[in-house]
Protein chains: 4
Amino acid sequence: MITAGVVGGTGYVGAELLRLLAIHPSVSLGSVTSRGQAGTPIAEVFPNLRNFVSQSFVLPEADSFADCDVVFFATPNGTAMNLAPELLERGLRVIDLSADYRLRDPAVWEQWYGLPHASPELLSQAVYGLPEVNRDAIAEASLIANPGCYATAVQLGFLPLIEAGLVDPAALIADTKSGVSGAGRTPGVPILLCEASENFNAYAASGHRHLPEICQGLEMATGQSIGLTFVPHLVPMIRGIHATLYAELEAGATDVDTIFRNRYEGEHFVDLLPPKSHPQTRSVRGTNRCQISWHRPQGGDRLVVLSVIDNLGKGAAGQAIQNMNILFALDEQMGLDQPALLP
Amino acid sequence: MITAGVVGGTGYVGAELLRLLAIHPSVSLGSVTSRGQAGTPIAEVFPNLRNFVSQSFVLPEADSFADCDVVFFATPNGTAMNLAPELLERGLRVIDLSADYRLRDPAVWEQWYGLPHASPELLSQAVYGLPEVNRDAIAEASLIANPGCYATAVQLGFLPLIEAGLVDPAALIADTKSGVSGAGRTPGVPILLCEASENFNAYAASGHRHLPEICQGLEMATGQSIGLTFVPHLVPMIRGIHATLYAELEAGATDVDTIFRNRYEGEHFVDLLPPKSHPQTRSVRGTNRCQISWHRPQGGDRLVVLSVIDNLGKGAAGQAIQNMNILFALDEQMGLDQPALLP
Amino acid sequence: MITAGVVGGTGYVGAELLRLLAIHPSVSLGSVTSRGQAGTPIAEVFPNLRNFVSQSFVLPEADSFADCDVVFFATPNGTAMNLAPELLERGLRVIDLSADYRLRDPAVWEQWYGLPHASPELLSQAVYGLPEVNRDAIAEASLIANPGCYATAVQLGFLPLIEAGLVDPAALIADTKSGVSGAGRTPGVPILLCEASENFNAYAASGHRHLPEICQGLEMATGQSIGLTFVPHLVPMIRGIHATLYAELEAGATDVDTIFRNRYEGEHFVDLLPPKSHPQTRSVRGTNRCQISWHRPQGGDRLVVLSVIDNLGKGAAGQAIQNMNILFALDEQMGLDQPALLP
Amino acid sequence: MITAGVVGGTGYVGAELLRLLAIHPSVSLGSVTSRGQAGTPIAEVFPNLRNFVSQSFVLPEADSFADCDVVFFATPNGTAMNLAPELLERGLRVIDLSADYRLRDPAVWEQWYGLPHASPELLSQAVYGLPEVNRDAIAEASLIANPGCYATAVQLGFLPLIEAGLVDPAALIADTKSGVSGAGRTPGVPILLCEASENFNAYAASGHRHLPEICQGLEMATGQSIGLTFVPHLVPMIRGIHATLYAELEAGATDVDTIFRNRYEGEHFVDLLPPKSHPQTRSVRGTNRCQISWHRPQGGDRLVVLSVIDNLGKGAAGQAIQNMNILFALDEQMGLDQPALLP
């Protein structure tokens, strides 16, 4: 039995982690912290957890996790980088769902996140937690940087093509769409129901923080230099990411189907749909699954890849549990093997 | 291991049944029928079931269920009453999620459902599958009439009060609200997204089919004559029922809290919230749980009870699984013990 | 040409007022204030007003309205009562869309709103702005207390019945449902899309501020003592109020239809649907209309009245424009005579 | 006063046309046809039109339009091409909102629409009704082919760039998103609330009927050969189209801002937002406006243009009214000059 703690349990990623940890057969839930809600029963904030979680939130202090084997950070960016070093020193494993340890270069991190990194010395030892790329390294890691939601959907869609040299890595486009839960649970006007429902818009079209993460990930995985245009959009729904990916096929490129099938053979959480089909975000809602399909419109040289995940599932908490399973040599699917709720 | 078949697997109740049966540890899924989709892989119609369900739909014939121990009917009203008799003769147990066997009196059934009953001789042996009332009878039944969604939410909210003689049973009001999935998956203008979203309205305010079911249920459970005004409404969301119940407290009535606590002690799927709280439908989404609270505004003689369920969960497929568990002497919570997906 | 100013232009009531004032043929828009957004172009905050409104928000000071004939308050409760007196002294007309001048008794106001009233001397001269009851007084008023949204829908539904002595005024129930815009535009967790969508719940079931307003309104209009149970609910949509009203018919009560038809004859903004029909909130979205129908289930003694409005229209800004039209002897329908956007 | 008839008044485009015609100061509404609803009062089907439209639907026959000056077709594809010839012979003007007369080449039409064209001789005289391109020709036309919704949003976004030779016309990408009303009002499973809400997916990624329309439109307007990848998506909302357009800037291309400003100077319905802003579909809901902005991410050679319209407004009925205004030499903005409803 693994004991797992959570730093930052009141956001949506935290809520999803708590739900998944509560039903994981090999996990006992340890401390769950919240600065603002310390002392409040968790099930009062999230009534879906009544009868499943009996703890109250506690203040975020390293001592709170004395009995833990692993600690998840479901905190805003800039928190984990201050507390993780102490936990690691005490011998705990850390899985950070924020962006603090995703980028290798502290200068790039500071450029995109707007503050100096508090523990840059850990950046090189952090393992980027995309199991379909880094499974072996994850198994040996002490600090895992859990990928961003967009970054997961986009990389899983592009990876086979770039690895196989099928497309021009310098001319990629990712037109991505996310449900509103990706924007978190901290109140703000743009994510009010009356603002975000019955509406659709792009945001951060001139530059989004997942851009350097995706480029770094694809470059490390494929050894090629990546040129990517990345435009995210807000969808009036709660959960789900849909990445529509455009790439230019190299001359003579054939058999995209085989490339995808071979690359993801045995990958339980990457589900390749029949070519020319259209994955739906709701088919993976609440799950750790990525569904992918692809099209070659009018038989031309442009390939369109469609990749869907749940931003809180494979895009955050689900993938974090998958990483934990790998880290503790459990069955990788443990606690994650359920169909989406539909409708 | 129980083998379970499903008649009518392409509607929303069918989809929820398939999801729950797929993850039930003691069930093997048998035949699933669909007149319109026979031959089509189930997972093609419901892509959330890819990797979980490998069968294709078959035609609805009694022979299809030769290897089954139990057959669920998730069909429109008027279907089960024709096929169930043959299945029962073959020794199968039948759990009917339609309305065919809910009413005792065939004349009342015909009045509300508009066609003659095809197997009225079975009405008296059918057990009304509300475990919180009929658990013992359910355990012995061969034919279970699974309650309607509104009927479940309303009865669970009123029952303790009427049993205890706390309120006037002749002056009840149930103002109920349902998500759109309660209207089924057969296309029609009123349930299109562009009609039902950004909208709210009552329907069937002059008389709804769950009215006689609720009155019969409360009368049989409490031995009292019931007078009920029942007005359902359509809520622009997928799942969930919220019943707002109004009753007049008898003179000297006190201690509503104790009455509720005592009545539902040990009932795993009835979750009493603190008095004066407000249950939310999303807290029970995808689950078999009913959450209840109550208010006595301005300390007056009118009591307001708030009762929420998932219309496809405790209001249909969840309760059907609970009934199956009882019928086969399994742990009543088996396959049903999960927190709601939130957000 | 009337010049109209607005105090508090950044909320949803303010936004709707600005839209209606922008297209009103006899109004020129004066100053629009906002403490937080002073200096920002209005059309930057509300891009739907580009090309229609050229002003920027200004600070809320009495001098800002020097050129105005009328000033609307679309502010949180507790603001108008401080600034309105000075504006009235300068000879301006004031239409307050907040609750500050709705209740006659300052003690009751303080009880429900939790702070002492800053200008209680004005309570008796304020005219309650429900034109279907107070049209003549409104025409002569200097200070109009624009009714609350729930209060409008509920009163218009009950009024004819109580005036005619058709129902027991001591045993009324109003089960009301509101779109989320009724909760305003100030960010808070419960009105985030990820909290309020795919969800339904009651709130303030033990006591809501519109309760004393409704009782006072019905008592003043009918001269009868009112007993009302009032339970509001939050609907996952942007605009709309649906009031489901329950009343007990007095012995021998007949001809509800005639009572309604006679009462609202000539009332342009009260649209009586055929009996036994079900009004939809979307049919009045963006308009100043109230649609009403009624049912007498199973021919019994309980009457069910269904009343819908747009909470920002007839429930706030639309009704305020209607009051302004009356106040300045304009055609009562001016600027308000448009069909709802559908779908 | 113009008398306008409508063929096919029960769909969403028809409903929007009726709303706009009802408030147009220079239009009197003539016959409105519906095969299925002939005899039913229009306001019974669309209760938002109560008090605005008194007619009942009639059968679609040429004689029904004897008193009309202009007839709008809001029918499924394949209807107008049969009835329009007779109306034109009688001297009426025809504005077809379906696709029947949009493509010049009958062979291309048949390839994409799957049936032979019934009046191919009219294709060459039909004027493509995009006023920002064809205003003069529209004024002289007898038969106007009103553009498709996607086609409008995409062409308005790309036009200035291609006309000015700023981008490579052979390497365009249009990633488009539409509200569900774009799929019409004929019931079908994919557009049920329970299927389309809380979901996002692409469709027709291998080829959509608006592709040849867009290419033809851009080629005729710019004289250049167009290569376009076009992927549409379904957004869980009622109204709105968001086109995210990607183009490769030619070497030395500068001053995108000036190109856009000059091209649309004086175009009342094309509203250019500040560069680097993000237009929202709700800001144009219910209007005839197109809002456009653009980004040049990381200062690279790829330009991103964001273009939003209401699919039923500038994408259908609004643009049809604009065309009618031009055709009858009315003020082009007449009946269309209103801000969007927000929120």
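Quick note: the coordinates plus some simple rules give every number you see, no bench work behind them. Here the structure is a predicted model, which is why all the values come from computation and not from measurement. In this analysis, Cβ positions are derived from the backbone assuming ideal geometry, glycine residues included, and neighbour counts consider all displayed protein chains.
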Quiz prompt | Dipole magnitude of chain D about its Cα centre (Cβ charges: Lys, Arg +1; Asp, Glu -1), debye to nearest 20 | solution = 900 debye
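How well do other chains shield peptide A:260-272, expressed as the mean number of their Cβ atoms within 10 Å of each residue Cβ?
Details: counts 0, 0, 0, 0, 0, 0, 0, 0, 1, 0, 0, 3, 0.
Across the residues of A:260-272, the mean count of other-chain Cβ atoms within 10 Å is 0.
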Quiz item: Taking each residue of D:44-52 in turn, how many C-beta atoms of other protein chains fall within 10 Å of its C-beta, and what is the average?
Solution: 6
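Mind checking D:201-214 for the average number of partner chain beta-carbons within 10 Å of each residue's beta-carbon? Intermediate values should be presented prior to the final figure.
Working: counts 12, 13, 2, 3, 12, 9, 4, 1, 0, 0, 2, 0, 0, 0.
Per-residue shielding by partner chains comes out at 4.
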Quiz prompt | Percent of beta bridges antiparallel (DSSP, the stretch A:149-311, rounded to nearest 5) | solution = 65 percent
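Based on the Kirkwood radius over alpha-carbon pairs, what value in µm²/s does the Stokes-Einstein equation return for the translational diffusion coefficient of the stretch C:1-75 at 10 °C and 1.306 mPa s?
Values: Rh = 11.9 Å.
Translational diffusion coefficient: 134 µm²/s.
Excluding B:Pro279 itself, what net charge comes from residues whose Cβ is under 14 Å from its Cβ, given Lys and Arg +1 and Asp and Glu -1?
On the way: positive: A:Arg50, B:Lys177, B:Lys276, B:Arg282, B:Arg285, B:Arg289, B:Lys314; negative: A:Glu44, B:Asp271, B:Asp310.
Within the 14 Å Cβ shell, the charges total +4.
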Quiz prompt | Cα centroid separation - the stretch C:189-239 against the stretch B:148-203, whole Å | solution = 19 Å
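Please give the net charge around B:Asn262, taking every other residue with its beta carbon less than 12 angstrom from that of B:Asn262, where Lys and Arg add +1 and Asp and Glu add -1.
Working: positive: B:Arg261, B:Arg263; negative: B:Glu163, B:Asp255, B:Asp257, B:Glu265, B:Glu267.
Counting the neighbours of B:Asn262, the net charge comes to -3.
Among the DSSP beta bridges whose two residues both lie in the stretch A:1-141, what percent are antiparallel, rounded to the nearest 5? Please list the in-between numbers first.
On the way: 1 of 15 bridges.
Close to 5 percent.
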Self-check item: Top of D:Gly286, D:Gly114, D:Gly299 by mean-square fluctuation, Gaussian network on chain D, Cα under 10 Å
Solution: D:Gly299
Self-check item: Under 11 Å, Cβ to Cβ, from A:Thr75 - net charge with Lys/Arg +1 and Asp/Glu -1
Solution: -1
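Give me the tail of P(r) for the stretch A:64-159 as a percent: Cα-Cα pairs with distance above 16 Å. Before the final figure, lay out the partial values.
Values: 2474 of 4560 pairs.
Across the stretch A:64-159, Cα pairs with separations above 16 Å total 54 percent.
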Quiz item: With charges set only on the Cβ (+1 for Lys and Arg, -1 for Asp and Glu), what does the dipole of the protein assembly as shown come to about its Cα centre, in debye to the nearest 20?
Solution: 0 debye
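What number, in percent, do you get for the relative contact order of the stretch C:2-125 if the mean sequence gap of Cα pairs under 8 Å and at least 6 apart is divided by its residue count? Write down the numbers at each step before the final one.
Values: 208 pairs, mean separation 28.9, N = 124.
Over the stretch C:2-125, the number comes to 23 percent.
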Quiz item: Whose amide H sits under 5 Å from the amide H of B:Cys290, counting only residues 5 or more places off or on another chain, with H placed in the peptide plane?
Solution: B:Val270, B:Asp271
Practice problem: Please report the relative contact order for the stretch B:246-320, taking Cα pairs under 8 Å with a sequence separation of at least 6, and give it as a percent rounded to a whole number. | Solution: 31 percent
Self-check item: Relative exposure of B:Arg35, A:Arg239, judged by other C-beta atoms within 10 Å (fewest first)
Solution: B:Arg35, A:Arg239
Practice problem: Using Cα pairs closer than 8 Å and at least 6 residues apart in sequence, work out the relative contact order for chain B, in percent. | Solution: 17 percent
Quiz item: Given the options C:Ala251, C:Ala66, C:Ala15, which has the most mean-square fluctuation in a GNM of chain C, springs set between C-alpha atoms less than 10 angstrom apart?
Solution: C:Ala251
Practice problem: Would you mind ranking C:Ile292, B:Ile321 by Cβ crowding within 10 Å, fewest neighbours first? | Solution: C:Ile292, B:Ile321
Quiz prompt | Kirkwood-based Rg to Rh ratio, the stretch D:2-125, C-alpha trace | solution = 0.99
Quiz item: What gaps in nm, shortest first, separate A:Tyr203 from its twins in the other copies when you place the label 7 Å past Cα toward the beta carbon?
Solution: 2.2, 2.7, 3.4
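Over all directions, average the projected area of the Cα convex hull of the protein assembly as shown and note it in nm².
Details: hull surface 198.7 nm².
Mean projected area for the protein assembly as shown: 49.7 nm², to one decimal.
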Quiz prompt | Counting DSSP beta bridges with both ends in the protein assembly as shown, the antiparallel % (nearest 5) | solution = 45 percent
Quiz prompt | Farthest toward positive dipole pole in chain C [+1 Lys/Arg, -1 Asp/Glu at C-beta], among C:Leu59, C:Gly315, C:Tyr12 | solution = C:Tyr12
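Working from the pairwise distances between different alpha carbons, so that the mean of 1/r is found and then inverted, what is chain A's Kirkwood radius in Å? Don't skip to the answer; put the middle values down first.
Details: mean 1/r = 0.0491 Å⁻¹.
By the Kirkwood definition, the hydrodynamic radius is 20.4 Å.
With N set to the number of residues, divide the alpha-carbon radius of gyration of the stretch B:149-311 by 2.2 N^0.38 Å and report two decimals.
On the way: Rg = 15.8 Å, N = 163, 2.2 N^0.38 = 15.2 Å.
Computed over Cα atoms of the stretch B:149-311, the ratio equals 1.03.
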Quiz item: So what's the gap between the Cα centers of the stretch B:81-100 and the stretch A:64-83, to the nearest angstrom?
Solution: 55 Å
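Considering the convex hull of the alpha carbon atoms of the stretch C:68-112, report its projected area averaged over all viewing directions, in nm², one decimal.
Details: hull surface 12.7 nm².
Taking the Cα atoms of the stretch C:68-112, their convex hull projects to 3.2 nm² on average.
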Practice problem: Pull up the cross-link candidates among the lysines for B:Lys314, meaning alpha carbon to alpha carbon under 18 Å and not fewer than 8 places away within one chain. | Solution: B:Lys177
Quiz prompt | Inter-centroid distance (Cα atoms) of the stretch B:1-40 relative to the stretch D:282-320, Å | solution = 45 Å
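Would you work out the charge dipole size for the stretch C:149-311 about its Cα centre, treating the Cβ of every Lys and Arg as +1 and the Cβ of every Asp and Glu as -1, and quote it to the nearest 20 debye? Numbers along the way, then the final one.
Values: 12 positive and 16 negative charges, 113 e Å.
Around 540 debye, computed over the stretch C:149-311.
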Quiz prompt | Residue-span extension gain [B:Glu121 to B:Ala204] - 0.36 nm each, minus C-alpha spacing | solution = 26.9 nm
Exercise. Please identify, among C:Asn262, C:Asn311, C:Asn288, the residue showing maximal mean-square fluctuation in a Gaussian network model of chain C using a 10 angstrom Cα cutoff.
Key: C:Asn262
Exercise. Taking the dipole about the Cα centre of the stretch D:57-176, with the C-beta of Lys and Arg at +1 and of Asp and Glu at -1, give me whichever of D:Gly91, D:Pro106, D:Val71 is farthest to the positive side.
Key: D:Pro106
Quiz item: Among A:Ser181, A:Ile162, A:Phe230, whose Cα lies farthest out toward the positive end of the dipole of chain A, if unit charges sit on the beta carbon of Lys, Arg (+1) and Asp, Glu (-1)?
Solution: A:Ser181
Practice problem: Based on a Kirkwood Rh over C-alpha pairs, give the Stokes-Einstein translational diffusion coefficient of the stretch C:204-271 at 37 °C and viscosity 0.692 mPa s in µm²/s. | Solution: 220 µm²/s
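Can you put C:Met324, A:Met81, C:Met334, A:Met220 in order of Cβ neighbours within 10 angstrom, beginning with the fewest?
Fewest-to-most Cβ neighbours within 10 Å comes out as A:Met220, C:Met334, A:Met81, C:Met324.
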